[in-house]
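Inspection log for the structure reproduced underneath, given as structure tokens.
The values are calculated or read from the model by the stated rules, or taken from the named source; none is laboratory data. Computed from a predicted structure; not experimentally measured. Cβ sites come from the backbone with ideal geometry, for glycine too, and all protein chains shown count toward neighbours. The protein model used for the area step is the full one, side chains on, heavy atoms only, and it has no ligands, DNA or RNA in it. Shrake-Rupley method; radii C 1.70, N 1.55, O 1.52, S 1.80 Å.
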Amino acid sequence: MIAKRNASISVATTLALTLALAGILVAGCGRKTGEQGGSAVSQGPYDPAGPFRLSVGNRPKAPSVGDNRLVISIRNSTGAPVRGAVVEVLISMEAMGAMPRMESRGEVREAERGVYEANYGLAMAGEWDIGIRIRHPSGNAEASYRLSTTLKQVSFRGGTPPVGGGGTGAPMTGDVAGTVRIDSARRQAIGVKTEPVQVRDLSTTIRAAGHVTYDETRRTEVSMKFSGWVRDIRIDYTGKPVRSGEVLFTAYSPELVSAQQEYLTALGVGSDSGSQSVDPEIAAAARARLLRWDIRPSQIEAIARTGKPIEALPILAPTTGVVLEKNIVQGSAFTSGQTLYKIAPVHPVWVIASVYPYELPWVRTGMTATILSPFLAEKSRSGTVSAIDPYLDPEGRTAQIRLVAPNARGDLKPDMFVDVLLSASMGRRLAIPEGAVLYVGDRRVVFVDLGDGRFAPRAVTLGAKAGDYYEVVSGLEAGEIVVTSGNFLIASESRLKSTAQKW
């Protein structure tokens, strides 16, 4: 029994010694790789930035909301630690929607030879950009990294190109932040298509909603310059077509009869004239009075020819059109200045269309437009832009344009809804396909094919849209290749945030 117990103790002692020895070996191996605790970072691959090589890590490895520490190891081209450098660290997250841009500036100190610590805080979880600026007598450099609260590593995004393009450590290509590499197999799998940026003949078609109305410049009102009564009415309902010179009604007016008699007396004709001599001046004044009352010259000549005043004077239509309003009936009394009829022509007509402000630069007076309506026998009709309002409609925030359209058959009815097409040439301009553009807040981004499987994001300024193309104002040059299909997947892989806002 005692022998068995001694054997058990011997086995336990041997196992404990073995585990202790293994722990010493593991600890020794850890020290050899630079894991000495404190502020040291793993001697992994160094990232090139100007004349320096950087290794960046975070404590804790996965950043968290609140206080964190960034550990930066800086070496020169020979691998020696860089002491006495001025290091600035900025951790930032770009604005997203209504959330403003957030920044945290690290408080940097040199913890040991060539190793710098930056204490910083994170206001929220997510992905943050790290900007590092180094100033040293041997040179200056900048580098950018990215950290995420869900990852245990800091990823290098780019930096100042190495001096001479060489140096030790990872090769530096000079790519901008957000550049990704995609091999041909993956390009085919995700359906990446590209197209060159070219100068094109651009034209745009503006489609606007419109309605038909009367030509305001040719609308007329019928009113008398004397008082009287309606004897006989000829145009007796609203909407009735009338022709210029057609009798609307006959009017009796004591004032008008008296004025006619004065004219006849001045001429020396009529029953009241007797043997009086003709007074040309009085006759001319009496005739002018009748003309000012809108009595037509042919009617005045008929009065002089018959030698008798016309008691029921025919009132004639001043224009051809349709009656919009009628305010008298047979026997009605009317006064001077009272509106008796409103008449408007139906050929030609106006079409009032609403155009958005961004389309206004391409609309000009005199341009031809196509008016579409399923109620027209030919389904479409040409018109001409005659005017553009200098202000916007306060409700629809659109500008009203006016077109003049022929309407000999009268099939364009006032208040009928129509569609208006306006085609405008924009000339030859640098353009890219609509599918190449990604919308990032108030900015526009495209991915440029740099060759060798590399794709880089680039912010562009766009002009007007013409069909399936956008005019390029700045950001691209003719001959560059842009991605037109699959760019959302490239953007997802790029995970860019230093070039544009978060997707």
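Apolar share of the accessible surface for the stretch 357-503: 52 percent from carbon plus sulfur atoms, 1.4 Å probe. The mean accessible area for residues of the stretch 244-403, using a 1.4 Å probe and ignoring ligands and nucleic acids, is 51 Å² per residue.
With the highest mean first, a sort of the peptides 401-412, 189-200 on other beta-carbon atoms found within 10 angstrom per residue produces 401-412, 189-200. 3J(HN,Hα) along the stretch 374-383: x, 8, 8, 4, 8, 6, 8, 8, 8, x Hz, from the Karplus curve 6.51 cos²θ - 1.76 cosθ + 1.60 with θ = phi - 60°, whole Hz, x for Gly and Pro. Distance between Cα centroids, the stretch 199-213 to the stretch 236-265: provide it in whole Å. So the separation of the two Cα centres works out to 49 Å. Using a Förster radius of 30 Å, what is the FRET efficiency between Leu324 and Ala288 based on their Cβ-Cβ separation? Nearest 0.05, please. The computed FRET efficiency comes out at 0.40. Normalised by 2.2 N^0.38 Å, where N is the number of residues, the C-alpha radius of gyration of the stretch 50-131 stands at 1.20.
For the pair the stretch 393-417 and the stretch 96-110, the centres of their Cα atoms are 56 angstrom apart.
Using the Cβ-Cβ distance between Ser474 and Arg113 with R0 set to 41 Å, the FRET efficiency works out to roughly 0.30. Protein heavy-atom accessible surface, 1.4 Å probe, per residue over the stretch 177-226: 58 Å². On the beta carbon distance between Leu392 and Ala459, with R0 = 25 Å, the FRET formula returns roughly 0.25.
Multiplying the residue separation of Asp442 and Tyr356 by 0.36 nm and subtracting their alpha-carbon distance yields 29.0 nm. Projecting label points 7 angstrom from Cα along Cα→Cβ for Thr335 and Ala312 puts them 2.7 nm apart. Cross-link pairs exceeding 25 Å in C-alpha to C-alpha distance, out of Lys225/Lys413; Lys225/Lys308; Lys342/Lys379; Lys240/Lys308; Lys413/Lys465; Lys342/Lys413, comprise Lys225/Lys413; Lys342/Lys379; Lys240/Lys308; Lys413/Lys465.
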